[in-house]
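Chemist: What follows is a structure written as structure tokens; I'll ask about it next.
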Amino acid sequence: MSERVDVEQHRADVARLLAGLADRPTEEVSVHQGALGRVLASDVVAPGPLPRFRNSQMDGFAVRAADVASAAPGVPVTLPVVGDVAAAPGEPAPLEPGTAVRIMTGAPVPDGADAVVPVEDTDHVTFNGARDEGARDNGVRGGGAHRDSATKVEIVRGRAAGEFVREPGSDVAEGAVVLRAGTVLAPHHVAAAAACGIAQLTVRVPVSVAVVSTGSELVAPDEEPGPGQIWDANGPALAAAVVAAGGQVGLRLAVPDDPEVVRTGLERAAALCDLVLTTGGVSQGAYEVVKDALPEVTFRSVAMQPGGPQGLGRVAGRPVLAFPGNPVSAQVSFVVFLRDLLRQAGGLPPVRQVPAALDAAIVSPAGKRQLLRGRWVDDAVAGARVAVVGGPGSHLVASMAAADVLIDVPAATTRLDEGAEVITWPL
Ligand code: AMP
Ligand code: MG
């Protein structure tokens, strides 16, 4: 192995190699479909106020507050009901002093009215009951044929001006930022955009990654392995990791240990994608096919365990990272070297590292940074006590599946006592 570097050196070199990914192009997505999980490229500004117009917060009666100021239980104020306003298209007639209109939640409050008295505070009690059946003609404005009982209302509680009236802009003012750039769009963000009449959102185009598994022993997880064959864990794992970090998988390949086939595959991957990821064929064995196929790439030994053998460089101008083949090594490599860069390129924040206390003492070889698999001792409490799961073997995929975090043991550390504080990388 030519070069030996530490983890921070390799992280810095990978960051330099991938610096060009930071400037993502943008595209438009519809609020109707395809916006979920995408990352906003720019602030979304309200094109107008929300609510758009003064409307009622309750089912009740729109009144002038001054007309009902004296109302109280036992001393009601009786007003003629001169109309009916529903949440429906149109503009209600102005309210004359000394009158009321029946109004529904969300309906425009007539000019001249400055408060809404909830139906519960009147002798109507509800608009659904027998008491009010003659007046249940939603959509009718400015009065209509009402039964006698609905043509007046007894109000038993006064309301101050503004009560139960939603003012325009009280949710968001025209020109104000509704959603910030970098927001990962969830249903409540889509709701706010749609409510503002924004049908298209500008999002970042995710980094497109080619995931290339190498190894003549590999078969797909839905194939029957013959003697000496194993299922490809890295392809599906890294494809999932890419998507989880905000990227997209532009190509998935599994290639045998034939340098020419690998070369052809990687050139194709480079032509199609922003970044090429390979696994396998980078250690010290006899058939290290990625090394053989990519003479222009730097292969080095990083002082870490697992994930020591690493490659980085360019193929046909496109950045390539070569991860080791052992599945635990490949996944740890992704977390340590690529995850945050990919997230950053997609506009996502880095995954925050979490301090924790070791559940039991450990020993660690000198000179190599260990990334042990760890599990929260009390499932409910992340960031409390963490226990090592599985052994150091980088083939232990099932143990890794039981882990919540990677426990980061510095290269110089050879022993940590029970209760010692460690930094963990959430998986
Ligand atoms: P290599 O670095 O190619 O020598 O691979 C190291 C070990 O990881 C070998 O035992 C391989 O069989 C295994 N390995 C390589 N690639 C994969 C993969 N995609 N899925 C599962 N195991 C793999
Ligand atoms: Mg191999």
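Chemist: If we count other beta carbons within 10 Å of each Cβ, what is the order of His124, His395, fewest first?
Modeler: His395, His124
Chemist: Mind telling me which of Asp274, Asp378, Asp340 comes out most flexible in a GNM of the chain, alpha-carbon contacts under 10 Å?
Modeler: Its mean-square fluctuation being the largest, the pick is Asp378.
Chemist: Also: Please determine, in degrees from 0 to 90 and to the nearest 10, the orientation of helix 7-17 with respect to the longest principal axis defined by the Cα atoms of the chain, where the helix direction is its Cα long axis.
Modeler: It is inclined by approximately 70 degrees.
Chemist: Can you give the alpha-carbon Rg of the range 189-283 over 2.2 N^0.38 Å, where N counts its residues?
Modeler: Relative to the rule-of-thumb radius for its length, the range 189-283 sits at 1.45.
Chemist: Right, here's the next one. Taking the chain as the reference, fit the longest principal axis to its C-alpha atoms, fit the long axis of helix 234-244 to the helix C-alpha atoms, and give the angle between the two in degrees, 0 to 90, nearest 10.
Modeler: Taking Cα atoms only, the helix is inclined about 30 degrees.
Chemist: Rounded to the nearest 500, what is the chain's calculated 222 nm mean residue ellipticity when only DSSP H runs of at least 4 contribute -39500 (n - 2.57) each, over all residues?
Modeler: -4500 deg cm²/dmol
Chemist: Also, quick follow-up: Using the 10 angstrom Cβ neighbour count as an exposure proxy, how do Leu427, Leu277, Leu371, Leu358 rank, fewest first?
Modeler: So the residues, fewest neighbours to most, are Leu427, Leu358, Leu371, Leu277.
Chemist: If I stretch the segment between Ala271 and Ala244 completely, what's the gain in nm (0.36 nm per residue apart, minus their alpha carbon distance), one decimal?
Modeler: Full extension of this stretch gives 7.4 nm more.
Chemist: Binning at 5 Å from 0, report for the range 269-311 what percent of all alpha-carbon pair distances ends up in each bin.
Modeler: 5, 20, 27, 25, 14, 7, 1
Chemist: Cα centroid distance between the range 23-94 and the range 396-427, in Å?
Modeler: 53
Chemist: OK, next. So how tilted is helix 259-272 from the main axis of the chain? Cα-based, degrees 0 to 90, rounded to 10.
Modeler: 20
Chemist: Continuing with the same structure: First measure r as the distance between the Cβ atoms of Ile230 and Ala181, then evaluate 1/(1 + (r/R0)^6) with R0 = 45 Å and state the FRET efficiency to the nearest 0.05.
Modeler: Taking R0 as 45 Å, the efficiency between Ile230 and Ala181 is 0.55.
Read-outs: derived from the displayed coordinates by stated rules, not from any lab. The structure presented is a predicted model; accordingly, all values stated were derived computationally and were not measured. Note: ideal-geometry Cβ built from the backbone for every residue, glycine included; neighbour counts use all protein chains shown.
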